[in-house]
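The block underneath contains the structure these notes are about, expressed in structure tokens.
The values are calculated or read from the model by the stated rules, or taken from the named source; none is laboratory data. This structure is a prediction, so every number in the text was calculated from the model and none was measured. Note: ideal-geometry Cβ built from the backbone for every residue, glycine included; neighbour counts use all protein chains shown. Calculation scope for accessible area: heavy atoms of the full protein, side chains included, ligands and nucleic acids excluded. Shrake-Rupley method; radii C 1.70, N 1.55, O 1.52, S 1.80 Å.
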Amino acid sequence: MFGVNRLAEETSPYLLQHADNPVDWFPWGQEARARARAEDRPILLSVGYSACHWCHVMEHESFEDAETARLMNERFVNVKVDREERPDVDAVYMDAVVALSGHGGWPMTVFLTPEGEPFFGGTYYPPEPRHGLPSFKQVLVAVSDAYRERRDDVRRQARALVEAVQLQSEQRPSAEPLTQAVLEAAVRGLHSQFDPEWGGFGSAPKFPPASAVEFLLRRGELDLATKTLDGMALGGMYDLVGGGFHRYSVDERWLVPHFEKMLYDNALLVPAYLHGWARAGDERYRTVATQTIDYMVRELWIDGEGFASSQDADTDGVEGTTYTWAPGEGAPENLLEPFEHGRSILRGELD
């Protein structure tokens, strides 16, 4: 049986997106932990945010599915958290997931004891086994069986994760002076990771490295900085029509992004491009900065309240529809790069 979804009275846009799920969701708080203790059930903590594409995907695939919701309601106390509303909760359990799996991201799925101690977790789980991942239903059954039948193992895992998170939280900033040797070592590290063809650091996926670009500009490393600024501004990762940058690129070319736009990414990239313009004199950088500011004021400013933190990736349930083009929709067809669903990404110089 389905329980009562308690999210309809919440103010978070992300929680409200889940208010009609057949899952018996609780918001973060004492009520969920009290229920878990009373019924001796583990807590399933699901963390995401309203503009997150894969959060939408997991909702449609799993949280709206009757059979998956039945398993969740029977075996767990289910808690939904908006990371933009409760970054403190997100940070603690993200540290646990990273300690457990070596990586993190959203949607984040963490299994907790009734006392709130994490013992297992990950990010997105598909509805069917895929790419080496078990299905979400398989995870639900395995975790709840382990909690019932191997309680000592669960407690040991929880203690180990809690100790790892505590150890990380106790780390203090270095008291050593910021010497030239430290700065030079940082430059060497960036050189070792640099992509000489497309700019940026490492391979796919690529996130906009605004702080690294600022550092390189101040150290006089213009080749690395401008190659990265150029690569990000080509189009795809950068919205050539509306201005502003998407969250990150799934490829090394900065071409195919995840299409959500985040306030903090754009706010950090504006000074990076302005400082690139000041150092390198490339008028294109000033244009990108101006267009990005125009985008934030036009799309993210909420009169009398401030700036919205993000803008959704999806239109009518399809990622990127707002930012992609089909032939005949007005974009120069020689600038269209194939994407999916018969649509293309705009890349190149617009007049």
**OP:** Residue by residue through region 327-344, note down the ones that are open to solvent by less than 80 Å² (accessible area, probe 1.4 Å), more than 25 Å from the chain's Cα centre (by Cα) and under 17 Å from residue 242 (Cα atoms).
**Re:** 330, 331, 332, 335, 336
**OP:** Kindly indicate the residue of region 294-326 that is among the β-branched types (Val, Ile, Thr) and surrounded by 13 or more Cβ atoms within 10 Å (Cβ to Cβ) and also nearest to residue 346 (Cα to Cα) among those meeting that condition.
**Re:** 324
**OP:** Check region 187-199 and report whether any residue there is over 24 Å from residue 255 (Cα atoms) and in contact with an Asp or Glu (Cβ under 7 Å, 6 or more places away or on another chain).
**Re:** yes
Subject >> region 97-124, residues that are part of a loop (DSSP other than H, G, I, E, B) and either within 18 Å of residue 159 (Cβ to Cβ) or among the aliphatic types (A, V, I, L, M) (or both) >> reply: 113, 114, 115, 116, 117
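Kindly indicate whether any position in region 34-51 is in a helix (DSSP H, G or I), out of contact with any Pro (no Cβ under 6 Å at 6 or more places or on another chain) and over 24 Å from residue 118 (Cβ atoms). Lay out the reasoning, then the answer.
First, pick out the residues of region 34-51 that are in a helix (DSSP H, G or I): 34-39.
Adding the requirement that they be out of contact with any Pro (no Cβ under 6 Å at 6 or more places or on another chain) leaves 34-35, 38-39.
Checking which are over 24 Å from residue 118 (Cβ atoms) leaves us with none.
No, the conditions are met nowhere in region 34-51.
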Subject >> residue 237 being in contact (Cβ under 8 Å) with a residue 12 or more places away in the chain and under 17 Å from the mean Cα position of the chain (by Cα) >> reply: yes
**OP:** Scan region 237-249 and give yes if some residue there is buried (at least 19 other Cβ atoms within 10 Å of the Cβ), hydrophobic (A, V, I, L, M, F, W, C), modelled with pLDDT of 90 or more and assigned to a loop (DSSP other than H, G, I, E, B), otherwise no.
**Re:** yes
Subject >> Selected residue (only one of 308, 326, 267 is among the small types (Gly, Ala, Ser) and touching a helix residue (DSSP H, G or I) at 6+ places or on another chain (Cβ under 7 Å)) >> reply: 308
Original post:
Out of all the residues in region 106-123, is one or more touching a Pro at 6+ places or on another chain (Cβ under 8 Å), crowded, with 22+ Cβ neighbours inside 10 Å and of a type in the set (Gly, Ala, Ser)?
Top reply: no
**OP:** Please tell me if residue 90 is more than 21 Å from residue 138 (Cα to Cα), out of contact with any strand residue (DSSP E or B) (no Cβ under 6 Å at 6 or more places or on another chain) and of a type in the set (Asp, Glu).
**Re:** no
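Residue-by-condition table, conditions (1) over 19 Å from the mean Cα position of the chain (by Cα); (2) small (Gly, Ala, Ser); (3) open to solvent by less than 10 Å² (accessible area, probe 1.4 Å):
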position	(1), (2), (3)
64	yes, no, no
68	yes, no, yes
73	yes, no, no
77	yes, no, yes
83	no, no, no
86	no, no, no
91	no, yes, no
98	no, no, no
101	no, yes, no
Original post:
Is it true that residue 223 is in a helix (DSSP H, G or I), surrounded by fewer than 23 Cβ atoms within 10 Å (Cβ to Cβ) and charged (D, E, K, R)?
Top reply: yes
Original post:
Which one of these does residue 228 not meet: (1) open to solvent by less than 20 Å² (accessible area, probe 1.4 Å); (2) over 24 Å from the mean Cα position of the chain (by Cα)?
Top reply: (2)
Original post:
Which residues, counting only those in region 171-217, are open to solvent by 40 Å² or more (accessible area, probe 1.4 Å), touching a Lys or Arg at 6+ places or on another chain (Cβ under 9 Å) and not hydrophobic (A, V, I, L, M, F, W, C)?
Top reply: 184, 196, 197
Subject >> Enumeration of residues in region 27-62 that are under 18 Å from residue 120 (Cα atoms) and either polar (S, T, N, Q) or free of Cβ contacts under 8 Å to residues at least 24 places away in the same chain (or both) >> reply: 46
Original post:
Using beta carbons and a limit of 7 Å, which pairs, at least six apart or on different chains, have the first residue in region 78-89 and part of a helix (DSSP H, G or I) and the second one open to solvent by less than 10 Å² (accessible area, probe 1.4 Å)?
Top reply: 89/81
Subject >> Those residues of region 126-168 which are touching a strand residue (DSSP E or B) at 6+ places or on another chain (Cβ under 6 Å) and either within 20 Å of residue 90 (Cα to Cα) or open to solvent by 80 Å² or more (accessible area, probe 1.4 Å) (or both), in sequence order >> reply: 157, 158, 161
**OP:** Go through region 278-290 and give me each residue that's without any contact (Cβ under 8 Å) to a residue 60 or more places away in the chain and surrounded by fewer than 19 Cβ atoms within 10 Å (Cβ to Cβ).
**Re:** 278, 280, 281, 282, 283, 284, 286, 287, 290
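Inside region 258-269, can you point out the residues that are without any contact (Cβ under 8 Å) to a residue 40 or more places away in the chain and crowded, with 19+ Cβ neighbours inside 10 Å? Steps first, answer last, please.
Here is the first cut: in region 258-269, the residues without any contact (Cβ under 8 Å) to a residue 40 or more places away in the chain are 266-267.
The answer is 266, and nothing else.
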